[in-house]
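Read the structure below first, then the notes.
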Amino acid sequence: MDKSTKSLRGLLISSVLALSLVAPARLSLFTWTQSSLTPALHFPLIQPTTTITEADLDTDGWTEQVILQDGIAYIRRGVVTLWSSPPEWQVTQAKITDLNLDGQPEVALLLWRDFAPWPIDAFLAHPGRIQGFHDKHGQSCHLILIGWRRQAFGEIWAGSALVDPLFSFTTADLNSDGRDELIALEGHYDEPREMGRAVTVWEWNGFGFSLLSRGPEGSFRSLLAVRTPNNIDLLLVQGNPWR
């Protein structure tokens with residue numbers, strides 16, 4: 001066994017152990033087949049996809065970092081805070097991505113905040129189409145992209161309250177089209193946020209995200225994007241799929 005093979009296996013073992021520390025649940029590997037995730041026929045040599053921890057978010061030649069502390073996301077350069085999320089947001093995940101496929105990295109935030117109806121509801125004859133998209137405390141789940149526009153950091157895209165909340169997300173090019181998809185654990189409002197009920201895959205459509213697939217369904221705690229030595233992205237999920 002050569003050093004590179006040992007290194008790859010070491011990364012895999014570390015990733016599996018990290019997932020296993022969350023709870024004693026099975027690990028399942030999924031691959032993209034035609035239009036959905038399907039169980040991988042075998043467990044190949046894999047390693048986690050590269051996680052971007054810093055990037056030049058404002059195109060000034062200097063890199064910034066994204067830090068999540070106590071439910072607040074910060075964009076910092078060194079010790080200088082360039083942007084922070086509003087204190088009324090409860091941010092659960094922050095990740096440097098390019099989910100809107102514009103070639104410029106931005107920050108994807110998964111968060112909870114007070115539910116608000118669409119502003120246009122005030123003018124509609126039959127408003128309230130998203131009225132139930134929140135938990136019993138009036139909190140709704142959102143995905144928001146923060147980027148550099150007009151010489152400042154701010155929202156460059158903000159999704160409405162989600163029909164069903166997302167509890168965690170990652171990104172990977174599952175269908176090998178050269179563009180990352182959004183992969184998330186989806187659950188239900190008023191259920192424990194650490195337990196997803198379905199794995200969902202979404203793609204950017206130019207204006208927002210379109211659902212590519214929902215499933216497998218089950219009881220899931222975490223997910224991890226992994227890559228084979230020949231650069232095929234797969235998904236490692238911790239939990240118990242329903243049969």
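The values are calculated or read from the model by the stated rules, or taken from the named source; none is laboratory data. If you're wondering where the values come from, they're calculated on a predicted model, not measured in any experiment. So basically every Cβ, Gly included, is an ideal-geometry build from the backbone, and we count neighbours across all protein chains shown. Accessible surface is based on the protein model in full, side chains and every heavy atom, while ligands, DNA and RNA are left aside. Shrake-Rupley method; radii C 1.70, N 1.55, O 1.52, S 1.80 Å.
Observations on the model:
- Residue in the stretch 38-49 that is modelled with pLDDT under 95, under 19 Å from Thr97 (Cβ atoms) and in contact with a helix residue (DSSP H, G or I) (Cβ under 8 Å, 6 or more places away or on another chain) present: yes
- Close pairs (7 angstrom Cβ cut-off, 6 or more residues apart or separate chains): closer than 23 Å to Gly187 by Cα and touching a residue at least 12 places away in the same chain (Cβ under 8 Å) in the stretch 222-240, among the basic types (Lys, Arg) and outside any loop (DSSP other than H, G, I, E, B) anywhere: Gln238/Arg221; Gly239/Arg221
- Residue pairs meeting the criteria (Cβ under 9 Å; at least 6 apart or on separate chains; first in contact (Cβ under 8 Å) with a residue 60 or more places away in the chain, in the stretch 88-106; second open to solvent by less than 30 Å² (accessible area, probe 1.4 Å) and assigned to a loop (DSSP other than H, G, I, E, B)): Thr92/Gly71
- Answer residue from the stretch 39-68, given it is over 16 Å from the mean Cα position of the chain (by Cα) and not in a loop (DSSP other than H, G, I, E, B) and is farthest from Lys95 (Cα to Cα) among those: Pro39
- All of (1) at pLDDT below 95; (2) in a strand (DSSP E or B) hold for Leu143 with one exception: (1).
- Filtered residues of the stretch 220-243 (kept if open to solvent by 30 Å² or more (accessible area, probe 1.4 Å), touching a strand residue (DSSP E or B) at 6+ places or on another chain (Cβ under 7 Å) and not basic (Lys, Arg)): Leu224, Asn240, Trp242
- Evaluation of Ala73 against (1) surrounded by 15 or more Cβ atoms within 10 Å (Cβ to Cβ); (2) over 30 Å from Lys136 (Cβ atoms); (3) small (Gly, Ala, Ser) (one fails), failing number: (2)
- Every listed requirement among (1) closer than 30 Å to Phe115 by Cβ; (2) modelled with pLDDT under 95; (3) in contact with a Leu (Cβ under 8 Å, 6 or more places away or on another chain) is met by Val22 save one, (3).
- Output for the stretch 188-204, where each listed residue is closer than 24 Å to Arg26 by Cβ, at pLDDT 95 or above and in contact with a Phe, Trp or Tyr (Cβ under 7 Å, 6 or more places away or on another chain): Val199
- Of all residues in the stretch 167-219 being acidic (Asp, Glu), more than 18 Å from Ile144 (Cβ to Cβ) and assigned to a loop (DSSP other than H, G, I, E, B), the one that is most open to solvent (accessible area, probe 1.4 Å): Glu194
- Residue tally, condition over 16 Å from Leu27 (Cβ atoms) and either modelled with pLDDT of 95 or more or part of a strand (DSSP E or B) (or both), over the stretch 228-243: 1
- Number of the condition not met by Ile183 [criteria: (1) touching an Asp or Glu at 6+ places or on another chain (Cβ under 7 Å); (2) closer than 15 Å to Glu217 by Cβ]: (1)
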